[in-house]
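To keep things clear, I will list the structure first and then write my remarks on it.
The values are calculated or read from the model by the stated rules, or taken from the named source; none is laboratory data. Computed from a predicted structure; not experimentally measured. Note that we place each Cβ from the backbone using ideal geometry, even for glycine, and neighbour counts take in every protein chain shown.
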């Protein structure tokens with residue numbers, strides 16, 4: 001498909017305009033990545049309850065624990081390997097892992113098959129989503145990093161929302177299985193073909209920013225620095241973990257909560273879809289806004305708004321107020337999600353940026369597993385409402401910790417007005 005992006009014949013030039021065709025293709029690929037996980041968000045907990053007759057919240061959320069751990073480890077692997085082997089190989093490998101997922105979800109005869117599907121889905125999401133993030137960071141350069149992350153997350157979570165709503169709609173008409181998962185077959189095949197034959201390597205952009213003899217820090221050093229030593233990176237890691245903790249609550253617990261309130265399946269699909277739809281649409285301007293006003297205000301404010309939205313969802317019981325809660329939660333997440341990615345890019349060294357993004361995404365997506373364990377234990381002990389409230393309090397505390405610990409780096413400060 002022509003000369004690779006990181007051609008040795010010239011120094012690659014970062015910037016969205018200069019790399020628009022490839023950047024746009026990666027936006028499309030990430031939409032297919034998002035759709036793969038969106039298929040589960042409305043109906044998988046209900047499949048556990050209604051088809052496999054699982055009553056324990058901890059047992060139902062076991063799929064989310066598995067998914068979160070595997071995705072977190074895949075993120076970590078992607079960050080390190082992408083520096084050594086290149087981005088495209090990992091993207092294609094991720095799609096190869098994703099192709100069996102819809103078939104296992106459609107025809108799996110036991111809950112263990114569903115867990116196996118989520119192991120593969122975790123690999124798919126970890127490798128593919130991480131790689132598209134890294135590749136867009138390569139292409140965009142530092143000045144448009146927030147916008148690039150906004151576009152990436154916009155495409156992914158718009159697809160999550162669409163797939164969540166469509167799967168619930170199909171399930172209400174034709175049953176929970178197999179029809180809703182036919183969408184996944186098309187997404188997996190399309191994502192694989194685009195990645196294998198049209199996407200081009202972008203590693204040359206990061207290599208061009210370092211001297212030929214320079215080497216980045218080792219993976220162990222990057223992990224320690226990102227997880228703890230660097231206060232800004234560590235602040236992003238804890239905020240990302242808690243963000244996905246509450247996202248996992250919405251994914252795994254909220255459908256059960258709404259079902260217990262006798263919401264109909266299309267109504268559950270509406271609430272489950274509106275949240276990532278709002279998130280997906282608004283993080284496009286949020287990412288660009290963070291380039292202008294800085295990262296801290298959006299991240300801390302977004303965490304506080306998420307907490308408010310979660311509290312609203314527990315203390316109200318009508319479709320209208322649950323819709324309001326979903327929209328507020330989506331707004332808060334839109335402020336946080338792309339901005340955290342951009343903040344990690346600000347704080348990391350160029351030679352180790354992909355690895356630092358992998359470490360951040362490891363902690364962020366480990367939040368799915370941590371949230372599933374906490375939500376399951378609290379729900380089985382005190383009830384589903386208490387599990388949702390626990391997620392709200394943890395989100396509030398995380399926002400406060402970020403506001404206190406994070407310091408805007410000099411290079412990431414918004415330009416002074418003239």
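A few remarks follow.
- Some residue of the range 229-252 being buried (at least 24 other Cβ atoms within 10 Å of the Cβ), modelled with pLDDT under 90 and farther than 30 Å from residue 145 by Cβ: yes
- The lone exception for residue 335 - which of (1) under 22 Å from residue 79 (Cβ atoms); (2) buried (at least 24 other Cβ atoms within 10 Å of the Cβ) it fails: (1)
- Within the range 294-322, considering residues that are in contact with a helix residue (DSSP H, G or I) (Cβ under 6 Å, 6 or more places away or on another chain) and farther than 21 Å from residue 404 by Cα, the one surrounded by the most Cβ atoms within 10 Å (Cβ to Cβ): 313
- Any chance residue 175 is surrounded by fewer than 19 Cβ atoms within 10 Å (Cβ to Cβ), modelled with pLDDT under 95, touching a helix residue (DSSP H, G or I) at 6+ places or on another chain (Cβ under 9 Å) and on the phi > 0 side of the Ramachandran plot: no
- Exactly one residue out of 22, 13 is more than 19 Å from the chain's Cα centre (by Cα), over 21 Å from residue 182 (Cβ atoms) and without any contact (Cβ under 8 Å) to a residue 24 or more places away in the chain: that is 13.
- Neighbours by Cβ (under 8 Å, 6+ apart or cross-chain): first from the range 284-299, in contact (Cβ under 8 Å) with a residue 12 or more places away in the chain and on the phi > 0 side of the Ramachandran plot; second assigned to a helix (DSSP H, G or I) and buried (at least 19 other Cβ atoms within 10 Å of the Cβ): 294/412
- Test: residue in the range 17-29 that is at pLDDT below 90 and either under 14 Å from residue 117 (Cα atoms) or touching a helix residue (DSSP H, G or I) at 6+ places or on another chain (Cβ under 7 Å) (or both): yes
- The condition (being in a helix (DSSP H, G or I), more than 29 Å from residue 386 (Cα to Cα) and free of Cβ contacts under 8 Å to residues at least 40 places away in the same chain) is satisfied by just one residue among 89, 136: 89.
- A single entry from 352, 399, 385 fulfils the requirement of being at pLDDT 90 or above, in contact with a helix residue (DSSP H, G or I) (Cβ under 8 Å, 6 or more places away or on another chain) and crowded, with 22+ Cβ neighbours inside 10 Å: 399.
- Residue in the range 102-120 that is out of contact with any helix residue (DSSP H, G or I) (no Cβ under 9 Å at 6 or more places or on another chain) and not in a helix (DSSP H, G or I) present: yes
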